[in-house]
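*Asks:* Supplied in structure tokens, the structure appears directly below.
Just so you know, all these numbers are worked out from the coordinates, no wet-lab data involved. Everything quoted here is computed from the prediction, not taken from an experiment. In this analysis, Cβ positions are derived from the backbone assuming ideal geometry, glycine residues included, and neighbour counts consider all displayed protein chains.
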Amino acid sequence: MRKLISSITVFLLGGILLTTFFTMPEGAKELSDYYISSGVVDTGAINLITAILFDYRGFDTLGEATVIFAAACTLAFLVPKQKVHMLSARFSVIVQQSISFILPFLFVIGMYLIFYGHLSPGGGFTGGVVLASIVILTTITFGISYSDRQVRPRVKSLLESFGAIGFVIFGLFGIFAGGAFLANGQAGFDLGIPGELTSSGLIPYINFMTGLKVAAGLSIMFTSLIKEE
Amino acid sequence: MNSIYAVVGILICIGFYTILTKTNLIKMVIGINIIESAVILLLVALSYKPGGSAPILDKGYELVVDPIPQALALTAIVIGASTTAMMLALIIKIFSKHHTLDVREIRNLRG
């Protein structure tokens, strides 16, 4: 009975969705045409997605970073703080050696993704996830106590707060320079030559702060989730 | 091109069916994640142009895809990861209190 009602509801929903998708009018493209034609001149970043995320819609990205911050805080509150038992499995030497071989390369990839976020695919969020995977791999392979000794929880929460406050401070630079909050090109910062590493004003610095914040936030989330009573 | 919309619709239906019929909390979270992936697929499909390349305006580009839905997809991924972590943390709390993941039993225990 329950499955019958659910099936009917889902079929109705699917019909509505498919009719909506197939009769959908072509959306207005003025905004994206504007971004494509003058995004590089406005922001100095040749990666348009980074330009949208950290310049045009920078305030939105600040809210997005706040969501990660709130999720990490709530997880640290909700789940117990006792020691972990579920990761007591011991891995063989091969796993431990190969993981410890991989970790420096993962760090390089994460930093590359963060610092070249305005030039190539990547950015603060992607690079932050790669950096967080270092902590996650260390925790899975060597256990939580070793991982906590290498990267202390206090350091993680400090990095996360540093990233959040740095983002806001770089946003305030725009106000001090005479523009709006998180303004970049409009406030008169030097945009440089598009395509070079030190171009596009404040975007690389905001990217770096976001990367730190995402890396610390995701590792806090993981280490909170695996703890149990 | 239109087949992608059909895939999105089918995925959203599968996710809703999972949420409505399954009684295990973790399976419900999986259903919510299926819907979320379908929405991201819809965003990527909306930004598609035939023959377009990635929106990185290096030298020698001709036609690039719409960058706005891709930026929104990034936002959706980040929010999705946060909400999934939140849901799993609440499930951990529920399990440690009721010692079951079955929705019906949890509802009965409440009285």
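*Asks:* Could you look through the range B:91-111, keep only residues that are in a helix (DSSP H, G or I) and crowded, with 16+ Cβ neighbours inside 10 Å, and pick out the one that is farthest from the other protein chains (Cβ to nearest Cβ)?
*Replies:* Within the range B:91-111, the first condition is being in a helix (DSSP H, G or I), and the residues that meet it are B:91-98, B:103-110.
Narrowing further to those that are crowded, with 16+ Cβ neighbours inside 10 Å: B:91-92, B:106.
Details: B:I91: 10, B:I92: 6, B:I106: 17 Å.
So the residue we want is B:I106.
*Asks:* Also: Could you figure out which of (1) of a type outside the set (A, V, I, L, M, F, W, C); (2) within 21 Å of B:A6 (Cα to Cα); (3) touching a residue at least 60 places away in the same chain (Cβ under 8 Å) isn't true of B:K49?
*Replies:* Result: B:K49 passes all but (3).
*Asks:* Any idea which of B:V78, B:V65 is more than 7 Å from chain A (Cβ to nearest Cβ), under 30 Å from A:N47 (Cα atoms), buried (at least 18 other Cβ atoms within 10 Å of the Cβ) and not hydroxyl-bearing (S, T, Y)?
*Replies:* Numbers: B:V78 fails: more than 7 Å from chain A (Cβ to nearest Cβ).
When all the criteria are applied, what remains is B:V65.
*Asks:* So which of A:E30, A:E26 ends up being more than 7 Å from chain B (Cβ to nearest Cβ), more than 26 Å from the chain's Cα centre (by Cα) and within 30 Å of A:E196 (Cα to Cα)? Walk me through how you get there before you give the answer.
*Replies:* Numbers: A:E26 fails: within 30 Å of A:E196 (Cα to Cα).
Within the list A:E30, A:E26, the selection yields A:E30.
*Asks:* Something else now. Being buried (at least 19 other Cβ atoms within 10 Å of the Cβ) and closer than 26 Å to B:M86 by Cα is the requirement here; does A:G123 meet it?
*Replies:* Working: buried (at least 19 other Cβ atoms within 10 Å of the Cβ): yes; closer than 26 Å to B:M86 by Cα: yes.
Against the criterion (buried (at least 19 other Cβ atoms within 10 Å of the Cβ) and closer than 26 Å to B:M86 by Cα), A:G123 qualifies.
*Asks:* Looking only at residues that are over 15 Å from A:N47 (Cα atoms) and crowded, with 23+ Cβ neighbours inside 10 Å in the range A:176-205, which one is nearest to the chain's Cα centre (by Cα)?
*Replies:* Going through the range A:176-205, the residues over 15 Å from A:N47 (Cα atoms) turn out to be A:176-190, A:205.
With crowded, with 23+ Cβ neighbours inside 10 Å added as a condition, the list becomes A:182, A:184.
Details: A:L182: 18, A:N184: 20 Å.
Checked the range A:176-205; the qualifying residue nearest to the chain's Cα centre (by Cα) is A:L182.
*Asks:* Could I ask something else about it? If you check B:L25 against the conditions, is it facing chain A (nearest Cβ under 9 Å) and over 14 Å from the mean Cα position of the chain (by Cα)? Break it down into steps so the answer makes sense when it comes.
*Replies:* Working: facing chain A (nearest Cβ under 9 Å): no; over 14 Å from the mean Cα position of the chain (by Cα): yes.
Answer is no for this residue.
*Asks:* Can you work out which of the residues in the range A:42-78 that are under 18 Å from A:A180 (Cβ atoms) and polar (S, T, N, Q) is farthest from the other protein chains (Cβ to nearest Cβ)?
*Replies:* A:T43
*Asks:* Go through the range A:165-207 and report how many residues are in a loop (DSSP other than H, G, I, E, B) and either in contact with a Phe, Trp or Tyr (Cβ under 6 Å, 6 or more places away or on another chain) or of a type outside the set (F, W, Y) (or both). Break it down stepwise before answering.
*Replies:* Residues of the range A:165-207 that are in a loop (DSSP other than H, G, I, E, B), as a first pass: A:177-202.
When the remaining residues are screened for being either in contact with a Phe, Trp or Tyr (Cβ under 6 Å, 6 or more places away or on another chain) or of a type outside the set (F, W, Y) (or both), the result is A:177-180, A:182-188, A:190-202.
Residues that pass the stated criteria total 24.
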